[in-house]
Amino acid sequence: MTPLQLTALLPYILLAAASIVVILLIAFKASHTVIQVVGFLLMCGVAVSLFAVKELLPVSILPLFEIDGFALLFTGLIIFCVLVVGLFSFIYFEEREENPKEYYILLFLSTLGAATMTISRHFISLFIGLEILSVSLYALIAYLRTRNNAVEAGMKYLVLAALSSAFLLFGMALIYMETGSMEFSAIAQKLGASSALFITGIGLMVVAIGFKLALVPFHFWAADVYQGAPSPVTSFIATVSKIGVFAVLLRFAQTIHLQSYPLAYFIFAAIAIISMIAGNLLALQQQNIKRLLAYSSISHFGYLLVAFLPGNAGSNEAVFFYLAAYSLTILSAFGIITLLSNRQQDADHPDFYRGLFWRNPLMATVLTAAMLSLAGIPLTAGFMGKFIVLTTGVRQGLWLPVLVLVVTSVFGLYYYLRIISLLFAEAPAAGPKEKTLHPFFYTATYTALIVLVLLLVWIGVFPSGVIEGIKAFL
Amino acid sequence: MATVFYISSLIAIIATIMVITRHQPIHALLYLVVSFMAVAVIFLSVGAPFIAALEIIVYAGAIIVLFIFVTMMLNLGRETAVQEKQWLQPKVWAGPSVLAFVLLAQMVILLTKGNAAPMNMQIVEIKRVSVSLYGEYILALELAGFLLMAGIVGAAHIGKHKKKHLHRFLQEDNNVEEQFQKRDPVTIISEEKEAPEPVA
């Protein structure tokens, strides 16, 4: 390996080292606060190193990795999400778990898995990245092992993720059998006309990818896992794990020109349409807010697939912009859920939110902004995301998916607005105020939430700066 | 050697179905061993003796032994000795043994009568495998290490026992009972059924 390649790998090496640093800190009996602060600084270090290696790119480390602007952009988004999730985790786990330290090892390891996927150009690195992500997630979901539904959610995720990995491997094996290579670029070269083996392989891989992205008809785990997992972990699943998988899907599709195979194109279009419809319809009757966000994420990834379908440079931009806007939104929503949760249960019942505005106007404002952005109301990032996705779809003439997107968005408004109306409802008698144990971290969390909301509005009002930034990287 | 391939595949499928339908973990593990051996014979029949040996050493050897140790350690207790005797009936081990015997017969046939290279393929030396593993794929190998770390840390956290803080009266009770057990084990065994469960 040349020095250039090593330098380009710097962010990923730092990320891998972070988990080992946390293990060492635990071995030396560092406190939760120390681990949290060191973890935060390490993630900041990774973010800085991303900018530092930007000038060297693109560097490819044959045969496994390709580090280019695309990878850096997605890794940057992943690291940003982990910074926020890590911040939320402190208050959450400090209060609930006698043993909150191993959480950070698993958090950084699963981040490493997701980041590995963004730079993969080979089935082996894709699979190992995906497995690091999933194996850490099994434990993260069941982290509060005294809660029955957390263990149940972890178990469900374990069984289904293992099954989907089997599908992925079998699909890869079929494609390897057809082309004799596992590198994306070599597959693209050796692939002539679309053959039955190749399409079968792609179909099997779609099962695994659909599972990770919780697309219909592979979405059955989503609601239970979102509900059972600790709130910070749920926000991690909703952002980091899906960003990583989508990044590798984009790179794979772009390299082998997946969209030029009519059958594969049809499969993705069908999945997009039924995800948008089913996700929104299932969310309509949902009372539990975590389950509601699960169904809403199903429909949002359906929208995202509409931008994925054209398969050109414009679609990359649209996908990244949408993912960034969605991550900001969902992180601020889960931040509120985390803050409102009490010792016994997560704040997923509507009663937690009834009249929140009269008790805590700041939280209610943040949640309102997040819901408006999820619904795609103008002046929020969610609106700009949807707008760009629509533009990409219309340019390519994808009328049916675009039409479904618009119609289902209107359905979506109903349940997002229902939550907002709950926030401003008649307030019940205020309960006794819980003591705030860590004023510094509460302040930090509130600051993070305010920054997230400001970013949401800023991207919604002035999207051009962000789009230029994305173009510069891609 | 197509017949050998089909017979071993059938055995692998039957054994795996038995694994997921058994109620006792040890019974399932017996069938799991058979399943791994069947896969090894498949590899042997298509002319890959090295992979076959690896399959036996790594899966049937190391991994299953770990499983069995853990299962045995979980079943500590006095009643389990009796229970184990009840479980160790011929119907439990007959199935796996018959399947294993068929596999053994196949292997003997393969080793004595099989032609050297049934499939037309390039032979890859073990050295080349290891060189590429530690050469171009070294990063994948290191990432696999992180994968194992994730598994171990997760399992250690979920499997960790909560610290129990007993009331001092209960602790004394425990101690008395332990001393009692040490002094006179015979009476304990004879009164096994009447003896109350020790307070954990």
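Okay, here's what the table says:
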item: Residue that is nearest to A:Ala247 (Cα to Cα), among those in the range A:30-79 that are aromatic (Phe, Trp, Tyr) and surrounded by fewer than 21 Cβ atoms within 10 Å (Cβ to Cβ); result: A:Phe51
item: The range A:275-291, residues that are in a loop (DSSP other than H, G, I, E, B) and crowded, with 17+ Cβ neighbours inside 10 Å; result: A:Gln286
item: Residue satisfying all of: in the range B:122-137; assigned to a helix (DSSP H, G or I) and without any contact (Cβ under 8 Å) to a residue 12 or more places away in the chain; farthest from the other protein chains (Cβ to nearest Cβ) among these; result: B:Lys127
item: Flag if A:Gly311 is in contact (Cβ under 8 Å) with a residue 12 or more places away in the chain, within 21 Å of the chain's Cα centre (by Cα) and surrounded by fewer than 20 Cβ atoms within 10 Å (Cβ to Cβ); result: yes
item: Enumerated helices (runs of 4 or more DSSP H) restricted to the range A:1-84, each holding at least 3 residues that are out of contact with any Ser or Thr (no Cβ under 7 Å at 6 or more places or on another chain) and within 14 Å of another protein chain (Cβ to nearest Cβ); result: A:3-8, A:10-27
item: Selection count where residues are over 19 Å from A:Phe184 (Cα atoms), surrounded by 20 or more Cβ atoms within 10 Å (Cβ to Cβ) and not hydroxyl-bearing (Ser, Thr, Tyr), scope the range A:241-267; result: 2
item: Qualifying position, being at pLDDT below 85 and either away from chain A (no Cβ under 12 Å) or not in a loop (DSSP other than H, G, I, E, B) (or both), among B:Ala140, B:Ala117, B:Ala150, B:Ala144; result: B:Ala117
item: Index of the failed condition, B:Ser8 passing every other in (1) in a helix (DSSP H, G or I); (2) free of Cβ contacts under 8 Å to residues at least 12 places away in the same chain; result: (2)
item: Residue list for the range B:23-45, restricted to those being surrounded by fewer than 17 Cβ atoms within 10 Å (Cβ to Cβ) and more than 19 Å from B:Ile63 (Cα to Cα); result: B:His23
item: Helices (runs of 4 or more DSSP H) lying entirely in the range A:98-194 (those with 3 or more residues that are more than 10 Å from every other protein chain (Cβ to nearest Cβ) and surrounded by fewer than 20 Cβ atoms within 10 Å (Cβ to Cβ)); result: A:148-179, A:184-190
item: Residue within the range A:49-59 that is touching a residue at least 12 places away in the same chain (Cβ under 8 Å) and closer than 30 Å to A:Pro100 by Cα present; result: yes
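The values are calculated or read from the model by the stated rules, or taken from the named source; none is laboratory data. Because the structure is a prediction, the values reported are computed rather than measured. Cβ atoms come from the backbone with ideal geometry, glycine included; neighbour counts cover every protein chain shown.
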